[in-house]
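Worksheet: one structure, shown below.
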Amino acid sequence: MVSELATRIGAELLGQGADIEIDEVCALDEASAAGISFVSARKYLPALRATRAAAVILTPELAAEAPCACLVVDNPTLAFARVVELLHPRRPPPAGWHPSAVVAASAQIHPSASIGALCVIEEGVVIEAGVEIGPHCVIQRDSLIGEQTRLVAAVTVCARSLIGKRVLLHPGAVIGREGFGFARDGERWIRIPQIGRVRLGDDVEVGSNSAVDRGAIGETVIGDGVKIDNLIQIGHNVEVGENTAMAACSGISGSTRIGKNCTIAGAVGVAGHLEIADDVHFTGMAMVTRSFEQAGAYSSGIPAMPSADWRRSVARFRHLDEMARRLRRLEEQVTELQDAQPRSSPERWRENSDKTA
Amino acid sequence: MVSELATRIGAELLGQGADIEIDEVCALDEASAAGISFVSARKYLPALRATRAAAVILTPELAAEAPCACLVVDNPTLAFARVVELLHPRRPPPAGWHPSAVVAASAQIHPSASIGALCVIEEGVVIEAGVEIGPHCVIQRDSLIGEQTRLVAAVTVCARSLIGKRVLLHPGAVIGREGFGFARDGERWIRIPQIGRVRLGDDVEVGSNSAVDRGAIGETVIGDGVKIDNLIQIGHNVEVGENTAMAACSGISGSTRIGKNCTIAGAVGVAGHLEIADDVHFTGMAMVTRSFEQAGAYSSGIPAMPSADWRRSVARFRHLDEMARRLRRLEEQVTELQDAQPRSSPERWRENSDKTA
Amino acid sequence: MVSELATRIGAELLGQGADIEIDEVCALDEASAAGISFVSARKYLPALRATRAAAVILTPELAAEAPCACLVVDNPTLAFARVVELLHPRRPPPAGWHPSAVVAASAQIHPSASIGALCVIEEGVVIEAGVEIGPHCVIQRDSLIGEQTRLVAAVTVCARSLIGKRVLLHPGAVIGREGFGFARDGERWIRIPQIGRVRLGDDVEVGSNSAVDRGAIGETVIGDGVKIDNLIQIGHNVEVGENTAMAACSGISGSTRIGKNCTIAGAVGVAGHLEIADDVHFTGMAMVTRSFEQAGAYSSGIPAMPSADWRRSVARFRHLDEMARRLRRLEEQVTELQDAQPRSSPERWRENSDKTA
């Protein structure tokens, strides 16, 4: 019932329909007679006015606009996250090991943990209470998986990795690979054995087919609450501060340190050995080649334009330096021409007084 | 025999050698006495004239140039695709389950389907006729795999995904992961449970280590005939129209809608919540930050140039706005100088009449 | 002991402490009383002077600066790589097959090879001496794995791949996938069966979640000593020359040939059908749209800057061509103004003599 839900998430209930049964969340533009949706910004006002959901979670200033029951809160997105959990609870797998899992004798697995079909748990691994390891995961030797952490499926955790509590690792994620470190021997590359490890903090998330390499020596450290999307590369000895979020297809090169509460949009590339301050925001496809010591938003790249226009601009870009020199020369020539003008010109007088001002 | 092959693909046979035995396809520059190749464009004319293949598939206007048997068709690339299938048929695996597969009791698997070694098929999964699941695949609960679809190996299909008919999923593909959706709670990110699903149409292909996230609510929809290369990210609630093709390393952010028959070249980044029309073509590494409502080709990025030149152009790029302002000021100054010139100058007269024209 | 280590790597021993026991490598800024570190460049001089390591590997000209035992060599990074191997030897797994592995009857596996838990080795595969196949790998039919090669875990090697000796394949790597080749049939894409294969040379490395596609016809060839980082795409029929190294998130499109000893930094995109000479170096995020026939360093992209500045520069970039035209027009106007100036002006004389010079 709407009223119960309001109580459970601490929302004020406004409008009609307090006794409607709610059994699912829905999109604002979906017709669901038992559905609840949410509005996070004014730009959704037209959709809100037209909604056929039974109830909507929103902020006080939008409540008057809703044609249905309103659950009024300060942070509708957060309240909605809780409602989804309440209405669509995940079925956790049963505790215990699937008989097809290959578990080393020396692995210590808490009895409340669940180990899925065809997993491989190697020697010396420790798996704490409430952990869920989905099917087809590999946990290599001497790794630690903290309480309540969940590996969805097909995750590889390499040797000696330390995974925090309530971590979520998605299919195809590879944690703790030996990173990209070589010495030159003439023209050949000789691998420098990578003997460090990865430390993931609590509440970290790593997306599908992302890779976090172990330290060359020492650790690669992903701070508490860091969220890493799909297809992201984190090089050896990178450190990422708490609650920083990174969108898909980005890469952070080795030994770079990223601060807390940063947001890194999609397909950003960050060079190695840099320092990025707290609260830095890189927009999509930014090319980060130097350290940024100040909080703020940084961007790069050229947004897409019609290919014919782009070709013309690119051709000019190659000659920007020459253009700048020609501009400077013209400025000198024009000044010279101005100086050569007859003294009687009133424009001339004005200009001179500008100059001496 | 060349003549048989011509009949089977509906080609007109020209030139010598109708009775040569053909047993393989080959590259145009490969010497293969029993090989057949193809020419798709005039730029390969030199290679065609020098070819030592036994037969070549080509268009009528190139037939006179070939030193061997010609199979003349309108679309040589398409005809060649059929010839490869005829000469190099794939051996399908036998129907039935490998004994090492872990198959849930409630899964419904058509007797003609093949389930490879060490696969995991969870509760409620439906696998239709003629499906091939290669080794090491995971199909999570309540997913549907349509007729004749093939999962090559090591594919992960997450819960409740709907996979069409004749779909091809390559090793490492992850379909239906819970996407990247969070609410802020102060500085912390709280996951919004992603309760939607993925729907792949018929004849879709998803490459190695690509990821298609499920809808947050509702569906992520990949239309019939869409071809997705390796290492591609498709965010939650994205919709991709029929027959659109995307090359490797591209990413489409959440809730963006891409039209039909688009081509997206490699390493393109598309921001979220955009609308891309049908028949739009993005060139490689394009940075798509706004909607495109018109069919056409769009580009961005700066092609590589010698690093020294690049550094100079980049330094000027940072001051482009200042350069533009200086240019505007110069224009004003020059106009002023022109206006101050003696009236008797013939150039001056011409210029004034230009202005009033 | 320091002195023993010096002997084993052929270093000259300078300074105090020849008899200290060394049992680990450490970072220069780590306090390790039994640790050895290294210095590869003068920029680490402050860290060297402050180090609390027991010994340091360095070049002759830095030896006087070290507060500890010095192992003097020409190439400290290379010497360090050897020391790491000596002090931190990897424990190789035992020879033989894990009982959970699924091995085809016709596979030929050398008795000294190790096959990990839950691997799948298909028909006709040949595995040579000393090979280590970690858990959860799939080797599809008729592939060859050369001596001493190591697949860490969860690697997929597709049919008919040829893998050299001492190759290292990281978790999630996919070798030999059927590449992205289609013919158009009206609006539909028809797959061209990819019947070629992949050939990896000796001492090649392929990182996590990278993909090397097989040839369409013929081979994709990765030369001896090539190092490929994580999340890299190599298209069909690409050839990469010996000892070329590629950093994470890069992509090479089909049929491109890259020379020897190239370095390709992170997130570089290389278009298809190009020729890249030996000793070419692309900096991070370079967009390579044409062949480069000369050795050298090439770059592209716009480094990140404050978003507000970036927006202004980008707006001007769209009008670069117009700016260049306006600049040209101004130059003409200024020349005209100069020509119209009285003959008596000394500046005028000087300028004219410049022109005729």
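Output the residues belonging to the range C:290-321 that are part of a helix (DSSP H, G or I) and either aliphatic (A, V, I, L, M) or facing chain A (nearest Cβ under 9 Å) (or both).
C:Ser307, C:Ala308, C:Asp309, C:Trp310, C:Arg311, C:Val314, C:Ala315, C:Phe317, C:Leu320, C:Asp321 - these are the residues of the range C:290-321 that are part of a helix (DSSP H, G or I) and either aliphatic (A, V, I, L, M) or facing chain A (nearest Cβ under 9 Å) (or both).
Search the range C:273-289 for residues being facing chain B (nearest Cβ under 7 Å) and part of a loop (DSSP other than H, G, I, E, B), and hand back the single one that is least open to solvent (accessible area, probe 1.4 Å).
Per the stated criteria, the residue is C:Ala286.
Report whether or not B:Val39 is more than 10 Å from chain C (Cβ to nearest Cβ) and either farther than 29 Å from C:Ala159 by Cβ or surrounded by fewer than 19 Cβ atoms within 10 Å (Cβ to Cβ) (or both).
Taking the combined requirement at face value, the residue does not satisfy it.
How about the range B:77-109: which of its residues are part of a loop (DSSP other than H, G, I, E, B) and of a type in the set (A, V, I, L, M)?
Correct list: B:Ala95, B:Ala101, B:Ala104, B:Ala105, B:Ala107.
If C:Ala117 meets every condition in (1) more than 10 Å from chain A (Cβ to nearest Cβ); (2) assigned to a loop (DSSP other than H, G, I, E, B); (3) buried (at least 20 other Cβ atoms within 10 Å of the Cβ) apart from one, which number is that one?
(1)
Are there any pairs with C-beta distances below 7 angstrom linking a residue in the range C:60-76 that is assigned to a helix (DSSP H, G or I) to a residue that is open to solvent by 20 Å² or more (accessible area, probe 1.4 Å) and of a type in the set (Gly, Ala, Ser), with the two at least 6 apart or on different chains, and if so which?
Hits for this filter: C:Pro76/C:Ser40.
Counting only residues that are among the acidic types (Asp, Glu) and over 19 Å from A:Ala18 (Cα atoms), which one in the range A:39-84 is modelled with the lowest pLDDT?
First pass over the range A:39-84, keeping only residues among the acidic types (Asp, Glu): A:61, A:65, A:74.
In the following step, the residues that additionally are over 19 Å from A:Ala18 (Cα atoms) were identified as A:61, A:74.
Numbers: A:Glu61: 92, A:Asp74: 96.
Only one residue fits best here, namely A:Glu61.
When you scan the range A:153-259 for strands (runs of 3 or more DSSP E) that lie fully inside it, which ones turn up with 1 or more residues that are open to solvent by less than 10 Å² (accessible area, probe 1.4 Å) and closer than 30 Å to A:Ala117 by Cα?
Fully inside the range A:153-259 and qualifying: A:174-177, A:197-200, A:211-213, A:219-222.
Of a type in the set (D, E, K, R) and either in contact with a Pro (Cβ under 8 Å, 6 or more places away or on another chain) or assigned by TED's automatic domain parsing to the domain that holds A:His136 (or both): which single residue out of A:Arg8, A:Arg90 fits that description?
A:Arg90
Considering the range A:91-125 alone, what residues qualify as being charged (D, E, K, R) and at pLDDT below 95?
A:Arg91
Specify which of the listed residues (C:Gly235, C:Gly259, C:Gly241, C:Gly254) is touching a residue at least 60 places away in the same chain (Cβ under 8 Å) and either assigned by TED's automatic domain parsing to the domain that holds C:Ile276 or within 30 Å of B:Leu28 (Cα to Cα) (or both).
Step by step, each of C:Gly235, C:Gly259, C:Gly241, C:Gly254 is checked, and only C:Gly254 is touching a residue at least 60 places away in the same chain (Cβ under 8 Å) and either assigned by TED's automatic domain parsing to the domain that holds C:Ile276 or within 30 Å of B:Leu28 (Cα to Cα) (or both).
For the range A:132-152, enumerate the residues that are part of a loop (DSSP other than H, G, I, E, B) and crowded, with 24+ Cβ neighbours inside 10 Å.
Start the filter on the range A:132-152 by keeping residues that are part of a loop (DSSP other than H, G, I, E, B), which leaves A:134-137, A:140-143, A:146-149, A:152.
Of everything in the range A:132-152, those that are part of a loop (DSSP other than H, G, I, E, B) and crowded, with 24+ Cβ neighbours inside 10 Å turn out to be A:Gly134, A:Pro135, A:His136, A:Cys137, A:Gln140, A:Ser143, A:Thr149, A:Val152.
With the structure loaded, tell me whether B:Ser32 is in contact with a Leu (Cβ under 6 Å, 6 or more places away or on another chain) and buried (at least 16 other Cβ atoms within 10 Å of the Cβ) or whether it fails that test.
Details: in contact with a Leu (Cβ under 6 Å, 6 or more places away or on another chain): no; buried (at least 16 other Cβ atoms within 10 Å of the Cβ): yes.
Taking the combined requirement at face value, the residue does not satisfy it.
Residue by residue, here is whether (1) at pLDDT 95 or above; (2) surrounded by fewer than 17 Cβ atoms within 10 Å (Cβ to Cβ); (3) of a type in the set (D, E, K, R) holds:
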| site | (1), (2), (3) |
| --- | --- |
| B:Ala271 | yes, no, no |
| B:Ser299 | yes, no, no |
| B:Trp310 | yes, no, no |
| B:Val334 | no, no, no |
| B:Leu337 | no, no, no |
| B:Arg350 | no, yes, yes |
| B:Ser353 | no, yes, no |
| B:Ala357 | no, yes, no |
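Tell me the residue from C:Thr335, C:Thr283, C:Thr289 that is of a type in the set (Ser, Thr, Tyr) and within 19 Å of the chain's Cα centre (by Cα), please.
Details: C:Thr335 fails: within 19 Å of the chain's Cα centre (by Cα); C:Thr289 fails: within 19 Å of the chain's Cα centre (by Cα).
Only one candidate qualifies: C:Thr283.
Applying the selection to the range A:207-221, what residues are among the hydrophobic types (A, V, I, L, M, F, W, C) and within 15 Å of C:Asn209 (Cα to Cα)?
First pass over the range A:207-221, keeping only residues among the hydrophobic types (A, V, I, L, M, F, W, C): A:211-212, A:216-217, A:221.
Scanning the range A:207-221 gives A:Ala211, A:Val212.
Evaluate the range C:72-89: report whether one residue or more is away from every other protein chain (no Cβ under 12 Å) and either open to solvent by 20 Å² or more (accessible area, probe 1.4 Å) or among the hydrophobic types (A, V, I, L, M, F, W, C) (or both).
Scanning the range C:72-89, I find at least one residue that is away from every other protein chain (no Cβ under 12 Å) and either open to solvent by 20 Å² or more (accessible area, probe 1.4 Å) or among the hydrophobic types (A, V, I, L, M, F, W, C) (or both), so the answer is yes.
Is it true that B:Ser291 is modelled with pLDDT of 95 or more and more than 12 Å from C:Ile302 (Cα to Cα)?
yes
The values are calculated or read from the model by the stated rules, or taken from the named source; none is laboratory data. Computed from a predicted structure; not experimentally measured. Cβ coordinates were reconstructed from backbone atoms using ideal geometry, including for glycine residues, and neighbour counts include every protein chain displayed. Accessible surface is based on the protein model in full, side chains and every heavy atom, while ligands, DNA and RNA are left aside. Shrake-Rupley method; radii C 1.70, N 1.55, O 1.52, S 1.80 Å.
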